1. Go through segment 242-257 and give me each residue that's basic (Lys, Arg) and more than 16 Å from the ligand (Cβ to nearest atom).
2. Would segment 30-44 turn up any residue that is surrounded by fewer than 17 Cβ atoms within 10 Å (Cβ to Cβ), acidic (Asp, Glu) and free of Cβ contacts under 8 Å to residues at least 12 places away in the same chain?
3. Of the conditions (1) within 11 Å of the ligand (Cβ to nearest atom); (2) under 15 Å from Phe45 (Cβ atoms), Arg282 fails just one. Which one is it?
4. Which members of segment 239-263 meet the condition of being farther than 15 Å from Ala154 by Cα, within 19 Å of the chain's Cα centre (by Cα) and assigned to a loop (DSSP other than H, G, I, E, B)?
5. Is at least one residue of segment 294-303 crowded, with 22+ Cβ neighbours inside 10 Å and either of a type outside the set (A, V, I, L, M, F, W, C) or not in a helix (DSSP H, G or I) (or both)?
6. Could you tell me how many of the residues in segment 1-32 are under 17 Å from Leu83 (Cα atoms) and outside any helix (DSSP H, G or I)?
7. Find all pairs meeting these conditions: Cβ atoms under 7 angstrom apart; at least six residues apart or on different chains; first residue within segment 137-152 and over 15 Å from Gly120 (Cα atoms); second residue of a type outside the set (A, V, I, L, M) and crowded, with 21+ Cβ neighbours inside 10 Å.
8. Please find, among Gly249, Gly174, the residue that is over 30 Å from Met20 (Cα atoms) and either of a type outside the set (D, E, K, R) or modelled with pLDDT of 90 or more (or both).
Amino acid sequence: MRLTDCYNTEDFRKLAKRRMPAPIFHYIDGAADDEVTYRRNTQAFERCDLVPNVLAGVESIDLSTTVLGQKLAMPFFLSPTALQRLFHHDGERAVAAAAEKFGTMFGISSLATVSIQEIGATISTPKLFQLYVHTDPGLTRSMIDRCKQAGFEALAVTVDAIVGGNRERDLRTGFTMPMRLNWRSLLSFASHPRWAFNYFTHEPFELSQLKDYVKAGTNVAVSVSEYFTGLLDQSLNWAAVEEIAKYWGGPFALKGIMSVADARRAVDIGATAIIVSNHGGRQLDGSRAPFDQLAEIVDAVGDKVEIICDGGIRRGTHVLKALSVGAKACSGGRAYLYALAAAGQHGVERAIGLLRDEIERDMKLMGCRSIAELGRHNLKFR
Ligand SMILES: Cc1cc2nc3c(=O)[nH]c(=O)nc-3n(C[C@H](O)[C@H](O)[C@H](O)COP(=O)(O)O)c2cc1C
């Protein structure tokens, strides 16, 4: 199987599985507890069907949408995900360049492996920084300051990861911090020499936004485990997020809003957008799928805040369904992460290109010339 044999997310997933050491593949592919929410995120789109109109004169289609003050050439953007240089040695550089090629937004994680400064200096496509809020307000503010200096356009505060989810696949493979690899995992690293060669012959792995942040009184940089156990602020509340938004002063989103009550509070604190998301099923298993929850949120606050549907998107038709319910854009992680892991920038470009083509083809088949023409009228729930 080669990259040119990949036509959809599942194909990229299979190729990634073949090319990567198992512990890393399962870190991307896995989710919390029994992974019920993870599966439901995609299955939810099968709850309804598209009802096309025909003969609409669809020779030219406008796929653009505007979110967080940014015009995107397509209504899907790349969600922020951690540790990308572990998946492929080009990591965020590959993902950002692919996003730029398609004129869409690139989300960079607080746990990214390329710095805010470098992405700001090299990438002109809209950039969203995903902020985890730290116990040390100085660290949180310094990340925001770097985003301002680097010309980031938008900030998203992730609110659904106040503690880490229970990812049992990682416990089994030993992909924990610190690593506790068992003999099968070690064998898997040994049997993927290309990955290992690339990993060890490129710039050393680092958490770029944290590498200068040292444990108090020492010169030891923090690890991911310390980060989640000690550095993230579990006392985070609405007032604190409102303060952060004020300090940022630009377009900002809350990532991981699921309830209507919280969506209303997000409006109250002046959010530009809410990202309806359960972190790709990686946090609270048994929580509802974003698409299942979307209509209620759109009905409550859709005229006051932009709504982004995140998670489970594997097909152009999934994007069309979410937009028909009232989302302004969709975002996703694994839809590009498998491709990154399988084939770097070429892979991500192929994955986004195929998704873009699907969205365009599906719009034409729906008889819709622009995103604004999609609505609930073209959706029927079973
Ligand atoms: C490997 C991986 C790492 C992730 N890291 C982060 C992160 O650092 N911050 C964050 O807010 N979300 C993170 N997410 C969640 C994504 O931003 C997004 O919400 C999720 O992937 C959507 O589900 P999907 O993968 O089905 O598209 C991560 C997801 C994956 C798969």
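1. The initial filter retains those residues of segment 242-257 that are basic (Lys, Arg), namely 246, 255.
Matches in segment 242-257: Lys246 only.
2. No.
3. Tallying (1) within 11 Å of the ligand (Cβ to nearest atom); (2) under 15 Å from Phe45 (Cβ atoms), Arg282 fails exactly one: (2).
4. Hit for segment 239-263 is Met258, nothing else.
5. So far as segment 294-303 goes, no, none of its residues is crowded, with 22+ Cβ neighbours inside 10 Å and either of a type outside the set (A, V, I, L, M, F, W, C) or not in a helix (DSSP H, G or I) (or both).
6. Qualifying residue count, segment 1-32: 4.
7. Partner pairs satisfying both residue conditions: Thr140/His134.
8. Checking each option against the conditions leaves just Gly249.
The values are calculated or read from the model by the stated rules, or taken from the named source; none is laboratory data. Since we're looking at a predicted model, the values are computed, not measured. Please note: Cβ atoms are built from the backbone with ideal geometry, for glycine as well, and neighbour counts cover all protein chains shown.
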